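Structure record follows, encoded as structure tokens.
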Amino acid sequence: MKMVAVIGLIAAISLAPAAMAQVTLHDIRAVKDVAAVDIAKIASADKTWDIISVRPTIGSGEAQLMNAFIDADTGEIVTRGPVSISIVYWGDWKLLHRFAKEEPENSSGRFRWAQGVHEERRRSWVERSYPSYDPFTEGGVVLVNPSAQDQVTTPWHAVHLLLEDTATELVEAIDGSKAASQDTILDEEQRWNQLFTQLSNNMFVASGRLKYELQKGLKDGETDVVEIAKEGRGWSLAVSAAVIADEEALEAAKRTELLLKLANAAPAEQRQYVFVGLVASEFPRPEILPILIQDSSSDLIVNEQNVESLPERVQQWYRSIVAGNTSNASAAETVGE
């Protein structure tokens, strides 16, 4: 390795944030959601996108019996129309930033809506998030595509929970992407390179460029995405790992290989972020982890300290994967004998 590269690596390690202490369900959900944000699409979209702060009321997200109540005098249940069980959300919201020229009619207000537990939308929401973190029951800062209807009383669409203190970073990324897209002389690759040069420490720009390089590699042949992803530090590295893990156009074995290369290239104290990014992508439906656990190099990413940093619920989920793989491996060895 050249002396300059060695010095650069030492400098990067010395400036890198320390490994995280404890991961929360908010972190798990936010890493996955941030990895799914497409800043180029938002920058060029005709539709409005907002960053809002959500503060749910206590009890938001709980099941309620609709069209029925208890008579205070008799204690009996009285029904009025068809009885159903719905999940009811309510609380306050505040607009932090709007990615559009037009001013919103309201910059804050109340939200309230109910979703039947058997509705397709509710099922898809549960499949995506449960048992993870729901900002409309726990609170948070989210990127949303407002409904075409009254946004005070109806759900927002395309909700992306943001990592803490990254709203300004997202605004910079999308504004930068808008400016780059107006330069018609540059092609797409040049625009990404220019944007990355200007905002190299921006996790949204880094993940967007990584997605572009992954897609480019699928079309034109192999590209060294690890060289791009390994420059990230902290949560940016976790998001990059989630981007790689989420690339469904690549086979699971190939994604596993790239994640192991990324962990090997990252400073040792930063590898926990690679693990968290992978877990965020996989939770609650694993595809890569069962393959990774069987790999002899898995200790680059997986160790007991990293596992214990996860929320208890996610730890249990991870350990159940390990138990399942151990059983399968033992069965295979028995057959082989």
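Just so you know, all these numbers are worked out from the coordinates, no wet-lab data involved. Since we're looking at a predicted model, the values are computed, not measured.
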* Once you have a ≥ b ≥ c as the square roots of the Cα gyration tensor eigenvalues for the range 48-111, tell me rounded if a/c is under 1.5, and otherwise prolate or oblate according to whether a/b is larger than b/c. => prolate
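Mean separation of Cα pairs under 8 Å and 6+ residues apart, divided by the residue count of the range 157-277: what relative contact order is that in percent?
Details: 100 pairs, mean separation 24.5, N = 121.
It comes to 20 percent, rounded to a whole number.
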* Jot down the per residue volume, in cubic angstrom and as a whole number, of the convex hull over the alpha-carbon atoms of the range 19-60. => 130
* To do: Output ³J(HN,Hα) for the range 273-279: one whole-Hz value per residue in order, computed from phi by the Karplus curve 6.51 cos²θ - 1.76 cosθ + 1.60 with θ = phi - 60°, and x for Gly and Pro.
  => 5, 5, 4, 5, x, 5, 4
* Structure fact -> With x for Gly and Pro, the residue-by-residue ³J(HN,Hα) of the range 247-258, computed from phi through the Karplus equation 6.51 cos²θ - 1.76 cosθ + 1.60 at θ = phi - 60° and given in whole Hz, is 6, 5, 6, 9, 5, 4, 5, 5, 5, 4, 4, 5
* To do: Report, by chain and number, residues whose modeled amide H sits under 5 Å from the one on Ile85, excluding near sequence neighbours (fewer than 5 apart, same chain).
  => Met66, Val117
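Could you give me D for the range 196-296, from Stokes-Einstein at 10 °C and 1.306 mPa s, where the hydrodynamic radius is the Kirkwood radius over C-alpha pairs? Units µm² s⁻¹, please.
Numbers: Rh = 13.4 Å.
Calculated translational D: 119 µm²/s.
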